[in-house]
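Please treat every number below as a calculation from the coordinates, not as lab data. Quantities reported herein were computed from a predicted structural model and do not represent experimental measurements. Don't worry about glycine lacking a Cβ; one is built from the backbone with ideal geometry, like all the others, and counts go over all protein chains shown.
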Ligand SMILES: Cc1ncc(COP(=O)(O)O)c(C=O)c1O
């Protein structure tokens, strides 16, 4: 459709202008013939024929190279099909001088686009040319591994042009490279990944910068930025030592860093010892095989060590008991003989060599009941014959984290703390609430959660009581069990507490299995899970509305058959209704004191949260996640939560994120409690979760993340990252052979603050609010950075709403990000009012990127930033073969000199305002001009078919574009719809040039 209209309009426009169309191919015209001399045929037919191109004293050299057609043919054959060219009949430009270009026939064109805003000083500017030529004669290239004054002189001159603390320069070869580097810096510096850029922006076409670019014409349908935004530095736990540095990858088995919380045994000493045995050449040789063998060996050793430690602990205990017994006996004897009572340890130690010299002292971090730890300390003391006066010091030396902090304080308050007092203090601080009557508490203790939990509480209280006989212990434990277990246990009459506890756990497991079978009948048995009797297998039978649902025993397991109680399910509303009607919950008789139902019944009422919170997803966790299985196929990584290191498993078998329950108080996290929350383990078991910790911030390899975590009792890992959260990372590249995981940082394209087309007009505050919203709703609350051109170039010379950058820079910096100004097109005085585009918005960025005009056509780009941000790049080598190349540096330095010497910034202001003024007048004359905008020599003319609707005049723009070329003016075209003329000539463009351009445009538009 657009093509048809275009053809029609072309016919209309050029139908009577044959002289113009024939002009280019006219072989008899001299190379420097002025355009206007041959356009007279067309001009005479127009009321507003353009004048002659301004005179220019330059004679191009005769051209003997291949023709435009030959070049095009070769280009099609040997260059990529994505290259595009301007004009239906592409121009073969063979020479350039200042603001003019010459084609193969020597025809002169006014260059109003400067090789896409690149030729700043002018084509083949003599001073720039001279600097390049002189440098070329001496040295073209050596790279930065050697010194050369050109790069440092250029860097110094460039830094002197920058405001604020923007003093560190990096040289690259293009705008895309500059923006890539800026993005890398932003991410490294901020520790965040997410970037924000504007819709309608163009920041380059490389695999990362294409992500920042927000114009569909340039974007390929593949994940953007994966190649660069990667977390690919390998972090392995190799033979017990951290090997390599950062990142997302699996941690190979056994050992772990000391400050992580998980409870797996430490194998560091073994690991290190064996590490020392491995020669470097062996490691460097067949490393993989060797590693595998050593790891297998390590695994064996770790298992054996653990077994030995357990044996040692048992033996120590019996040794201690015996010794204690002897010592008590001795003491009694000595006491009776009037001898001084001796310390039992010094007794048993008398010259005896400790049996287990490799016994490790246990550590305690203040989490959980200290009783067990204190007991182990005492075993150690007994075994190692530790003197009384050394005990507190030794034990407190093994405090970690919170416990250590506590001790530092108590030590100041309590001088000469002895072991007994130390024990008491530990109990007061970390133990369960103190009670003067542990026996009473024991008698009142009831199972409310799992048997395991009840058992733990029971043992803790039991350890604080004395003189309880085994039978009494059994009876007390039985009394506290939930009824379903108690009945069975009472029937079994276990002989001692250990057997009873074991039995209770087994019965509980059996019930869970039965429950699983029950739940397969599609009933909601949530209230039944922990307490249900094995003997009741339900069937469903619908009750009439309001009567609830009744389930009665059946099936082959119904050992108690018809005597089993009915299970009646009532919602809270149904219960309330029955209460109001004074009806029995079970039968339909009225209820009064003393009412007896004919049958035993069991009411299942959903928890309040169950009824209200139907949003809770199905939570599933994999077996190795919950068990803490640590093998080479699991992806593990260390992370930091509130400054503390935790061990994380990245687990595709888990649906959600989970956090070890015990960590919640330790990390000081807030938990949102939810009752009845169950996590389904891969084997079908269900594990209760107390609730959810919302928006937990954690740091992995310097990157900040935020996520919700369900709490759950985990064994080996502190955190599990499940699929639901992993999805939020977008496409992920896993490399299981190199143990890496890479993903692109997300890029948010915020609403373009375009005063002409933008939804909020020129209201910068409302556009800035969109940035805030993106940060709040679309990110973790933290971002790496924000990038924007100050006048969008490719997007159609769109100037940002006044005051926008100031507000956005504040918002972004508050969210931890850095602000990047892309000055690839707007820099070096082109805007006239300022040397840098960002200055027009009264801001100072943290990073400035530049290219194009910086080299007047040389392949040159640069990034300038603050020393603080540059510092993050010192972690690694940042190398660019041609960046800062002597020839480009000499050329770049000459560009800076010329711009200053020829006062190009002021010139742009002067000529630019003249040009914009004339274009605005033209807008009054031609309705097709929807908007004239820009600053200095960075100007846009947007064409619309309908001023009110702002309908892009796409086809008309294409026609006028061709027509302007015929009239000898080379414009740029841009905007998403290609309906904007971009006028960004070399900065030596004159007012006469501007007049000619406007006259030509006027003429072409009149001819439309
Ligand atoms: C504003 C802006 N940034 C970056 C780039 C990318 O520069 P280069 O093409 O040198 O990679 C461009 C290119 O047009 C640009 O206009």
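For region 663-680 versus region 790-862, the spacing of their alpha-carbon centroids is 47 Å.
Name the shape class, rounded, prolate or oblate, that the alpha-carbon gyration tensor gives for region 859-1008, where a ≥ b ≥ c are the square roots of its eigenvalues, rounded holds for a/c under 1.5, and otherwise prolate holds if a/b is larger than b/c and oblate otherwise. The shape class here is prolate. Note that region 902-949, at 25 °C in a medium of 0.890 mPa s, gets a Stokes-Einstein diffusion coefficient of 217 µm²/s from its Kirkwood radius over C-alpha pairs. When the Cα gyration tensor is reduced to axis lengths a ≥ b ≥ c, the ratio a/c is 1.5 or higher for region 619-743, and with a/b not above b/c it is classed as oblate.
By the count of other C-beta atoms within 10 Å, a proxy for reagent exposure, 929, 732 are ordered fewest to most as 732, 929. Modelled label positions at residue 735 and residue 167, each set 7 Å beyond Cα in the direction of Cβ, lie 3.9 nm from each other. In terms of surrounding Cβ atoms within a 10 Å radius of their Cβ, 915, 445, 893, 129 rank from fewest to most as 129, 445, 893, 915. Going by neighbour counts of Cβ atoms within 10 Å, the residues 217, 465, 118 line up, fewest first, as 217, 465, 118. The alpha-carbon atoms of region 84-130, seen along their principal axes, cover 35, 22, 15 angstrom, with the largest extent given first.
The Cα atoms of region 938-1008 give a gyration tensor whose axes a ≥ b ≥ c have a/c of 1.5 or more with a/b greater than b/c, which makes the shape prolate.
Taking label positions 7 Å along the Cα-Cβ direction at both residue 63 and residue 452, the computed distance is 8.2 nm, reported to one decimal.
When the inverse distances between all different Cα atoms of region 438-518 are averaged and flipped, the Kirkwood radius reads 12.8 angstrom.
Distance from the Cα centroid of region 390-439 to that of region 863-894 is 57 Å (rounded to whole angstrom).
Once the C-beta distance of residue 951 and residue 85 is scaled by a Förster radius of 25 Å, the resulting FRET efficiency is 0.40 to the nearest 0.05. If you take the alpha carbon atoms of region 410-453 and fit the smallest convex hull around them, that volume is 104 Å³ per residue.
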